[in-house]
Amino acid sequence: MGLEIVAVEAGPAAAAVERPREQQVVEIYPLSRYYFGAKDGRPWPAVCETAADRALRLKANFAAHGLRTSVHGVLLVELSGHPHVLLLQVRNSSFLLPGGRLRPAEQDIQGLNRKLSSKLSGTGSHPNEDHDWQIGECIAMWWRSDFEAPPFPYPPPNARAPKECIKLFVVRLPMSRQFVVPRNLKLLAVPLSQIHDNAQVYGRIISGVPNLLSKFTVDVVRD
C-alpha cells in the first residue's frame, strides 16, 4: 500500500475524513507555520574531521563502549501540497536526518530528544522555548558491519560484531514551532519524491524513508 496523502481542514470537519483503519495517521502542517533562526555552531566531528580521524575515533569508542547506537528523527512538513522531510546539510554536500549518537546507557527516546534539541532548538534562554519532542515509533534499524562499511537494513550475516546500529523514529511536529539551527549546518525541507530511491545523493538510509512512510496515512492540516 502506497503513501496516502489526505488534505484536512482544521476543526470538526477533520473527523469526517475516512482513512484505512489499519494505517496510522501522521498529521503534518504547512512549512509556513514554522519559524527559523540560527545559533553558534559547535565543531561536530561530521563537519570538521577527516575520514581517517573519524575511523580512529570510532575504533576508540567501540573499544571503550561497544556497539555504537545512533538515533534519528523523521520530521515532516507540507509544501506545495506534498510532504517534505527536514534534513540537515553538511558542507553544502552530505545530508543527515536530525539526531546522533547515544551516550553510554542512554535510552533511545531520551537520547533522540536531547539530540533534536541540540540541533534544532535554541540555547534555552527563551521562556517559551520547547525542548520536548513528540517521538513516535521506531520505523527502521540499519546496521554497519564495520566503521566505514555501508549500512544495511538487517544485521550483517558475516559480521562477528556489528559496529553500529542506526534507528529511525517518526517525530510528529506541532502546528507551529521555532527551529534554531547551528550556523555550520543548513536545515532543508526536501520533497519525498526527490529523495525516493536517490541513494547517490542522499545515501541509503535517507533514500529509503519514503518507503518506510508508506505504512502511514499523511494528513495535511490547513486552516
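The values are calculated or read from the model by the stated rules, or taken from the named source; none is laboratory data. In this text, all values refer to a predicted model and were calculated from it rather than measured experimentally. Ideal geometry is used to build each Cβ from the backbone, glycine not excepted, and the neighbour counts take in all protein chains shown. Protein only, heavy atoms only, side chains kept; ligands, DNA and RNA dropped before computing areas. Shrake-Rupley method; radii C 1.70, N 1.55, O 1.52, S 1.80 Å.
Residue pairs whose Cβ atoms lie under 8 Å apart, sitting 6 or more positions apart in sequence or on different chains, and linking a residue in segment 95-107 that is farther than 17 Å from residue 182 by Cβ to a partner that is surrounded by fewer than 17 Cβ atoms within 10 Å (Cβ to Cβ) and modelled with pLDDT under 95, are 104/65. Test residue 213 against the criterion of being touching a helix residue (DSSP H, G or I) at 6+ places or on another chain (Cβ under 9 Å), under 18 Å from residue 113 (Cα atoms) and open to solvent by less than 50 Å² (accessible area, probe 1.4 Å), and give yes or no. Here the answer is no, as residue 213 does not meet what is asked. Out of the residues in segment 17-67 that are basic (Lys, Arg) and at pLDDT 80 or above, state the one that is most open to solvent (accessible area, probe 1.4 Å). Looking at the filtered set, the residue picked out is 59. Residues of segment 75-92 include at least one that is modelled with pLDDT under 85 and either more than 20 Å from residue 116 (Cα to Cα) or basic (Lys, Arg) (or both). Set side by side, the residues 70, 80 differ, and just one is open to solvent by 30 Å² or more (accessible area, probe 1.4 Å) and of a type outside the set (A, V, I, L, M), which is 80.
Pick out the one residue from 75, 67, 88 that is under 14 Å from residue 138 (Cα atoms) and not aromatic (Phe, Trp, Tyr). The conditions single out 75.
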